[in-house]
Amino acid sequence: MTAVKESAASRRAASDGSARGSSDGSSDGGAAASGSPSIRRPLPWWKRLARDRAVLLLALPGMAVIVVFQYLALGGNVIAFQDYQPYLGVERSLWVGFENFQILFSGDPEFLAALRNTLIITLLQTVFVFPAPIILALLLHSLVSNRVRQWVQSILYLPHFLSWVIVVAVFQQILGGAGLINNFLRSHGWEPLDIIGNSDAFYALLTSQVIWKDTGWATILFLAVLAGIDKSLYEASAVDGASRWRQTWHITLPGMRPIIIMLLILKLGDSLSVGFEQLILQQQAVGLGVSDVLDTYVYNQGVLGGFWGVAAAVGLVKGLIGLVLVLVANKTAHAFGEEGVYRA
């Protein structure tokens, strides 16, 4: 009788233990199934360095170039406050304070003309050059055949790899006084066109050169964004009867809006740099009145004229204006709910 009681007690204990085990297991399984994230402590910085050492070593040459030629070079702006002479160096050149800046804003006609030309070319490039790759990307994206699209893209990319010397020479061979078009007009008894060397047509010539050279290459980012837009959105809108224009307005352009805003902010930061090589190559043909911009003014005043302090002051002011434009544009983008270039 005692043995029977002990056996029953052992079976009851075993059943209680299995019940507790199953309940514990179910609770653990529920916690696992719920997918609650486990709290992990961040790795110390020396362990992260050891883990990512290969990537850091690959990035080291590029970082060194940026530090040497971008950040360390900022120290050269000190000559904007000096009557800098190369044979004396920074240490022995005379300090003049803000005298170089006073020369700029005291009504110097050459500086005012360069500033006016810079603003005009900046406005033209913002209105006509910046939207050109967006329109071209939309046109390329509408092509049905991938083979035709790749063939057209390859042709449009080629001008980007040409130097400005070649680009200017090509335009002169086509639009110059002895160029292809004028020779054709003369052979048929018509009056030739005065384009190259005409100061009235210079801004249009500059804009067309930039569009021809860089529009194809600039479409790469926009085409990448277009490729990432969900195709089901177009299919659903087509089922609802949306036209191609409505799809572009309500699906394509909203999908491209973040990259457009980011590139526009970066463009504003570099807006006062309107192409030194392109302008200096054509400056002699049209004169300084319409072709002298801030970059060429710095070259003419510093390298050719020897006024290094004034040239450095112009470069410093131009950089500060670009910085202010980027900060204001980025803050404006945040006010409209966009990410912009960065978010503090």
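Overview of values
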quantity: From the options Gly302, Gly309, Gly216, Gly269, residue that is over 30 Å from Gly176 (Cα atoms), open to solvent by less than 40 Å² (accessible area, probe 1.4 Å) and modelled with pLDDT of 90 or more; calculated: Gly309
quantity: Counted residues, region 87-139 - those being open to solvent by less than 20 Å² (accessible area, probe 1.4 Å), over 21 Å from the mean Cα position of the chain (by Cα) and not small (Gly, Ala, Ser); calculated: 4
quantity: Lone qualifier among Leu175, Leu205 - being within 24 Å of the chain's Cα centre (by Cα) and within 21 Å of Val290 (Cβ to Cβ); calculated: Leu205
quantity: Helices (runs of 4 or more DSSP H) wholly inside region 60-156 containing at least 2 residues that are in contact with a helix residue (DSSP H, G or I) (Cβ under 6 Å, 6 or more places away or on another chain); calculated: 99-104, 109-124, 131-141
quantity: Residue tally, condition farther than 14 Å from Ala313 by Cβ and either touching a residue at least 12 places away in the same chain (Cβ under 8 Å) or in contact with a Cys (Cβ under 8 Å, 6 or more places away or on another chain) (or both), over region 61-92; calculated: 3
quantity: Residues being in contact (Cβ under 8 Å) with a residue 60 or more places away in the chain and closer than 21 Å to Ala169 by Cα - total across region 253-292; calculated: 14
quantity: Pairs with Cβ under 7 Å, 6+ apart, first in region 94-110 and under 14 Å from Val314 (Cα atoms), second open to solvent by 40 Å² or more (accessible area, probe 1.4 Å) and basic (Lys, Arg); calculated: none
quantity: Lone qualifier among Leu226, Leu294 - being open to solvent by less than 70 Å² (accessible area, probe 1.4 Å) and over 23 Å from Ala201 (Cβ atoms); calculated: Leu226
quantity: Qualifying residue in region 156-165 (condition: open to solvent by 80 Å² or more (accessible area, probe 1.4 Å), under 24 Å from Asn117 (Cα atoms) and either touching a residue at least 12 places away in the same chain (Cβ under 8 Å) or under 23 Å from the mean Cα position of the chain (by Cα) (or both)); calculated: yes
quantity: Residues satisfying the stated conditions in region 235-251, i.e. open to solvent by less than 40 Å² (accessible area, probe 1.4 Å) and without any contact (Cβ under 8 Å) to a residue 60 or more places away in the chain; calculated: Ser237, Ala242, Gln247, Ile251
quantity: Some residue of region 44-59 being open to solvent by less than 50 Å² (accessible area, probe 1.4 Å), among the small types (Gly, Ala, Ser) and within 17 Å of Gln301 (Cβ to Cβ); calculated: no
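Each row is one residue, and each column tells you yes or no for (1) open to solvent by 20 Å² or more (accessible area, probe 1.4 Å); (2) within 22 Å of Phe101 (Cβ to Cβ); (3) charged (D, E, K, R).
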position: Met262; (1), (2), (3): yes, no, no
position: Lys318; (1), (2), (3): yes, yes, yes
position: Gly322; (1), (2), (3): no, yes, no
position: Phe336; (1), (2), (3): yes, no, no
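The values are calculated or read from the model by the stated rules, or taken from the named source; none is laboratory data. These numbers come from a predicted model, not from an experiment. Here Cβ is always computed from backbone atoms with ideal geometry, including for glycine, and neighbour counts include all displayed protein chains. For accessibility, only protein heavy atoms count, side chains too; no ligands or nucleic acids. Shrake-Rupley method; radii C 1.70, N 1.55, O 1.52, S 1.80 Å.
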